[in-house]
Amino acid sequence: MYGSYGAAYRRAALRQRFLRGRKRGDEAAVGGAFDEIGAREAALLRECGFESGSLIDIGCGAGRLACALAGAPGVTYLGLDVSPALLESARQRSGRQDWRFERVRGPVIPAPDASADAVTAFSVFTHIPEAESLAYVREARRVLKPGGFLLFSFLDPDVAQHRASLRAPWIEAVVTKLFWAPNVATRAADIARWADATGLRVRNIGGLLGQSYAVLELAQTPNDAGAA
């Protein structure tokens, strides 16, 4: 079913390498502003309560978040992506040989149940169909420990800045499809529906460097979930 999963993005990432060289191409493939956005993602993760523990980074790309967290003590990290080239770049750039970087061939997280303190998905749900986003949310729910959370970014069509990128002129849309990935809209109401469908609850929705973000958390106990 997922034999060609992520093929378009893999091709786009390789095109970026061809046009810009390996380092700049890998950075462009994940949206640019590599160090700045990586630092902001790491700061947001800490603001959400993650200082140490087990982290799963869906769509880790060339290691934007991994590099920002590389010096953090007590972090166990699993980075997932569809591109072997970007995964190898992330492994090398982070310098953390003890961390795992694995290719995914579908919206599945290769980790045991209740094994992660946090799951992130930056610039992932912004580029894949809703059914795949919801599948990842279900997987995040499965792997999260009680009290853990899923942090992800999204493009809200009710935000003016996001509408501009979602309704780009046709020529810009064609270029985006060739060299990056098409943009996908998600509303806060969609996120609330995902939370209801998976047994998570919405902790927070805010803004992050041109995208919005949401935090969905797993209750500490079944009683906490019932009170949400």
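Electrostatic tally near LEU134: other residues with Cβ closer than 12 Å to its Cβ, Lys and Arg +1, Asp and Glu -1, net -2.
Element breakdown for the chain at a 1.4 angstrom probe: carbon and sulfur atoms account for 54% of the accessible area. Computed from the C-beta positions of ASP113 and GLU51 and an R0 of 22 Å, the FRET efficiency is 0.40 to the nearest 0.05. Dividing the helix sum by the residues of the chain, where each DSSP H run of 4 or more adds -39500 (n - 2.57), gives a mean residue ellipticity at 222 nm of -13000 deg cm²/dmol. On a per residue basis, the chain carries 47 Å² of accessible surface, using protein heavy atoms and a 1.4 Å probe. Which is farthest toward the positive dipole end of the chain among LEU65, ALA13, GLY95, measuring Cα position about the Cα centre, with Cβ charges +1 (Lys, Arg) and -1 (Asp, Glu)? Selected residue: ALA13. All C-alpha pair distances within the chain, sorted into 5 Å bins from zero, spread as 1, 7, 15, 19, 21, 18, 11, 5, 2, 1, 0 percent across the bins.
Based on the Cβ-Cβ distance from GLN92 to ARG24, what FRET efficiency comes out when R0 is 22 Å, to the nearest 0.05? About 0.90, to the nearest 0.05. Sorting 21-31, 69-79 by average packing, meaning the other beta carbons within 10 Å per residue, from highest down gives 21-31, 69-79. Taking the Cα centre of segment 19-153 as reference, the dipole from Cβ charges on Lys and Arg (+1) and Asp and Glu (-1) amounts to some 300 debye.
Annotation for segment 31-90 versus segment 94-142: alpha-carbon center distance of 12 Å. Once both labels are positioned 7 Å from their Cα atoms along Cα-to-Cβ, the gap between ALA188 and ASP35 label points is 3.5 nm.
The values are calculated or read from the model by the stated rules, or taken from the named source; none is laboratory data. None of these values were measured; they are calculated from a predicted model. So basically every Cβ, Gly included, is an ideal-geometry build from the backbone, and we count neighbours across all protein chains shown. The accessibility values were calculated without ligands, DNA or RNA, using every heavy atom of the protein model including side chains. Shrake-Rupley method; radii C 1.70, N 1.55, O 1.52, S 1.80 Å.
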